[in-house]
């Protein structure tokens, strides 16, 4: 056993050593390992719900204040002009021109699920502007990048049981290497089993009324009460349980970062 004097000498030597590291832009990994590699996932995201009724006035105000050129509100891709109806999921793939348009007299509101937060940590992304305001296009009803809600709802309703999940895919793969999407049907007055996984989710209620219980790995348990057009965020490694509070089925659509986590080997199989 070292004497107190020897312990003090070792402590001073270590402190002097640590003072030398910054000048060479070095840090001691051993002092950061528990923070960098925690025993369980520790997301910094917080559960949150956006109530459509509260957000709608602000969306209308944005439409009045922000011009079309600023907002980039124009969906054409590779010259395929496809319809966008309530509940449809449309992918705008990389390295393709795309824009959006509204040919009706009423406002159109949609939810963008973007991978942009990823590029805060890998800032290698960029965008090119087409030399004209519109890309030449031909109307088309069917396209591999459009997933009509009518077909998704039919696939959900064809499954047995009070709870069903439909995964959006293209050629058997997720919609993108980074983000995936799924739709869920919850039968009347049904409560789903509690699930937990490393992916984070952004849920949108297409139809129905209910609540979702979220127990994040950090922070208190929360209960979100949702109805049609509400959107809520679920951090990674949260326990999730949905409850349909109505007699009619409820439909939720969720986007997650599961494909990204799978591709880099960060998903732990669950028993």
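When every residue of segment 56-63 is checked against the conditions, at least one turns out to be loosely packed, with under 10 Cβ neighbours inside 10 Å, under 33 Å from the mean Cα position of the chain (by Cα) and at pLDDT 90 or above. Checked against (1) in a loop (DSSP other than H, G, I, E, B); (2) modelled with pLDDT of 95 or more; (3) under 19 Å from the mean Cα position of the chain (by Cα), residue 247 meets all criteria but (3).
Restricting segment 202-244 to residues that are assigned to a loop (DSSP other than H, G, I, E, B) and in contact with a helix residue (DSSP H, G or I) (Cβ under 8 Å, 6 or more places away or on another chain), the residue that is nearest to residue 188 (Cα to Cα) is 228. Is at least one residue of segment 187-198 within 13 Å of the chain's Cα centre (by Cα) and not in a helix (DSSP H, G or I)? Yes, there is a match, as at least one residue in segment 187-198 is within 13 Å of the chain's Cα centre (by Cα) and not in a helix (DSSP H, G or I).
Count of segment 23-54 residues, restricted to those that are part of a helix (DSSP H, G or I) and modelled with pLDDT under 95, is 7. Against the criterion of being within 30 Å of residue 38 (Cα to Cα) and out of contact with any strand residue (DSSP E or B) (no Cβ under 6 Å at 6 or more places or on another chain), residue 261 qualifies. When we screen 115, 142 for residues that are at pLDDT 75 or above and either more than 23 Å from residue 254 (Cβ to Cβ) or not assigned by TED's automatic domain parsing to the domain that holds residue 231 (or both), the only hit is 142.
The values are calculated or read from the model by the stated rules, or taken from the named source; none is laboratory data. Source: prediction; values computed, not measured. Glycine also receives a Cβ, built like all others from the backbone with ideal geometry; neighbour counts cover every protein chain displayed.
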